[in-house]
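See below for the structure under consideration.
What follows is calculated from the coordinates using simple rules that are stated; it is not laboratory data. These numbers were taken from a predicted model, which means no experiment stands behind them. Here the Cβ is made from the backbone with ideal geometry for all residues, glycine too, and neighbour counts use every protein chain on show.
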Ligand code: UDP
């Protein structure tokens, strides 16, 4: 499979069209941004960690019956994925209070939630990805009721699989963001990435942060944290 033209360049990835009409190639960069692009930087080696880790997670989820866009890892930073139209929603699942949830509700970071929380944000950089509920989604026709039900069911299933898996490598899955895509046939599949850029990972013993919060909050040891997760997944 060969790249033909650059389709899109985002904050952390480039997406190329290919000579295969069914596939795109994703190329993961080391560029990092936070706070809707306000903070910019580089995390050396991040593209490799995020590419290989996402593929590892997608394979694990496929084995658990979750359809994903993963096709084939082509190199350290490049992966062939199924061509989809991204549903313009960020789907967030939270197991433990952190980040914007803690701020908004005044609940201390690290507080265990009685049950997992699902949030939707409308993907629009100019608007700062505002949080929306099912009524907003249906009223503005971002997605249909059937699609919202499907995304919800898949997101909770993904949470169960991931939470159990990360426990086995000494990591608490605090929260994460996922995105879904729609194939030409109308099938909804998991897309985008699953990495320390998009999940909060805390060491189960020490509660040390092993994710992008080290970059967002200038905690230092950013590269080491990404490598530690990579190592625990047996990818180093
Ligand atoms: N997240 C993400 N992309 C975003 C916003 C959030 O991947 O544009 C992830 C983030 O890494 C965390 C979860 O979604 O794992 C919940 O993030 P939160 O709403 O607490 O926002 P933040 O504190 O990151 O602004």
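Which whole-angstrom value gives the distance between the alpha carbon centres of the range 82-120 and the range 211-236?
The range 82-120 and the range 211-236 have Cα centres separated by 20 Å.
What residue among 32, 98, 63 has the largest mean-square fluctuation in a Gaussian network model of the chain, using Cα springs under 10 Å?
Among 32, 98, 63, the largest GNM mean-square fluctuation belongs to 63.
Please give the per residue volume of the convex hull enclosing the alpha carbon atoms of the range 1-127, rounded to a whole number of Å³.
It comes to 146 Å³ per residue, whole-number rounded.
Within the range 43-74, what residues put their amide N at less than 13 Å from the label point 7 Å along the Cα-to-Cβ vector of residue 123?
69
Peptides 7-14, 42-49, 23-30: what's the order by average Cβ count within 10 Å, highest mean first?
Peptide ranking by packing, descending: 23-30, 42-49, 7-14.
Give me the one-decimal nm value for the distance between modelled label points at residue 114 and residue 185, 7 Å along each residue's Cα-to-Cβ direction.
According to this spin-label approximation, the distance is 4.2 nm.
Ignoring everything except DSSP H segments at least 4 long, calculate the 222 nm mean residue ellipticity for the chain; use -39,500 (n - 2.57) per segment, divide by total residues, nearest 500.
Helix-only estimate at 222 nm: -9000 deg cm²/dmol.
For a quick check: sort 57, 131 by the number of other beta carbons within 10 angstrom, fewest at the front.
The most exposed by this proxy come first: 131, 57.
Based on the Cα atoms of the range 1-49, what semi-axes does the equivalent ellipsoid have, where each is the square root of 5 times one gyration tensor eigenvalue, given in whole Å with the largest first? Working shown, then result.
Values: eigenvalues 125, 28, 8 Å².
So the three semi-axes of the range 1-49 are 25, 12, 6 Å.
By its C-alpha gyration tensor, with a ≥ b ≥ c as the square roots of the eigenvalues, how is the chain shaped: rounded for a/c under 1.5, else prolate for a/b larger than b/c, else oblate?
The shape class here is rounded.
Once each part is reduced to its C-alpha centroid, what is the distance from the range 128-192 to the range 11-29 in angstrom?
If we compute the Cα centre of each part, the gap is 21 Å.
Please state, as a whole number in µm²/s, the translational diffusion coefficient that the Stokes-Einstein equation yields for the range 112-155 at 25 °C and 0.890 mPa s, with Rh defined as the Kirkwood radius across alpha carbon pairs.
213 µm²/s
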